[in-house]
Structure formats: C-alpha cells, structure tokens
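Dropping a structure here in structure tokens format, bear with me for questions.
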Amino acid sequence: YSINIWGVGVGRDLYIATGDDGTRWPPLIAEDPRVRVRIDTSLFELAAVRVSDPAEHKRVVDAYVRKYELDPDDNWVTTGQVYRMDRRP
C-alpha cells in the first residue's frame, strides 16, 4: 500500500498528519505501525507513533501552517491525527 503524503520536519523528527474526516491509512497504521517512508530516492524503515502530547501536537500544527501556508485558526491538522515517524529498534 503506497500513498503520497504531506509531511513536516520538526527538529530531527518527521511527522505526518491526517484530518479527522477520514483517510484509509490510519487504521492500517493502528494495526501495524511499521512503515516505509521514501524521501526523494532514499527509503527509511520507520515506526508510526500517534502523537498524544498537546505541546508536541501544537509544534507540528505550527510547522504544517508555516510549510503549507494553512490558515492558523482553521485547518485540518489542528483537529486531525498526527504521527511521528520513529526509527525502528
């Protein structure tokens, strides 16, 4: 299963997000958090971890707003699901 997504870097971490209106991939990640992320020609074996910390979530929302020029007060990331892509052990 392969999809193109918007992502942001915050510090050394990579994040992806989806709106609460639903997409097909969050249930797949809940079932098996092992993911592969391709950036340009590099492929990374990672684990998707849902962000639950409000401060971390806010940092990611702010990064999406800046990068993709979203409305800071009304955007899909604020109420959506955010995942941090961690290195696999």
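The values are calculated or read from the model by the stated rules, or taken from the named source; none is laboratory data. Just so you know, these numbers come straight off a predicted model, no measurement behind them. With ideal geometry, Cβ positions are generated from the backbone for all residues, glycine too; neighbour counts draw on all protein chains shown. Ligands, DNA and RNA are excluded from the accessible area calculation, which covers all protein heavy atoms including side chains. Shrake-Rupley method; radii C 1.70, N 1.55, O 1.52, S 1.80 Å.
Mind checking the full-extension length gain between GLU56 and GLU69? Use 0.36 nm per residue of separation minus the Cα-Cα distance, one decimal, nm.
Stretched out fully, the GLU56 to GLU69 stretch lengthens by 2.7 nm.
Moving to a separate point now. In the chain, if the dipole is taken from +1 on Lys/Arg beta carbons and -1 on Asp/Glu beta carbons about the Cα centre, which of VAL35, THR79, TYR64 is farthest to the positive end?
The listed residue farthest towards the positive side: VAL35.
Once both axes come from the Cα atoms, what is the angle between helix 54-68 and the longest principal axis of the chain, in degrees from 0 to 90, rounded to 10?
Between helix and principal axis, roughly 80 degrees.
Give me the dipole magnitude in Debye, nearest 20, for the chain about the Cα centre, with unit charges on the beta carbon: positive for Lys and Arg, negative for Asp and Glu.
It works out to roughly 480 debye.
Still on this structure, I have one more. Tell me the volume per residue, in Å³, of the convex hull enclosing the alpha carbons of the chain.
Cα-based convex hull of the chain, divided per residue, equals 108 Å³.
Tabulate in residue order the Karplus-calculated ³J(HN,Hα) for region 26-36, using 6.51 cos²θ - 1.76 cosθ + 1.60 with θ = phi - 60°, rounded to whole Hz; enter x for Gly and Pro.
Along region 26-36, the couplings run x, x, 5, 5, 4, 6, 8, x, 6, 10, 10 Hz.
Follow-up question, since we're still on this one. Rounded to the nearest percent, how much of the accessible area of the chain (1.4 Å probe, protein heavy atoms only) is carbon and sulfur?
48
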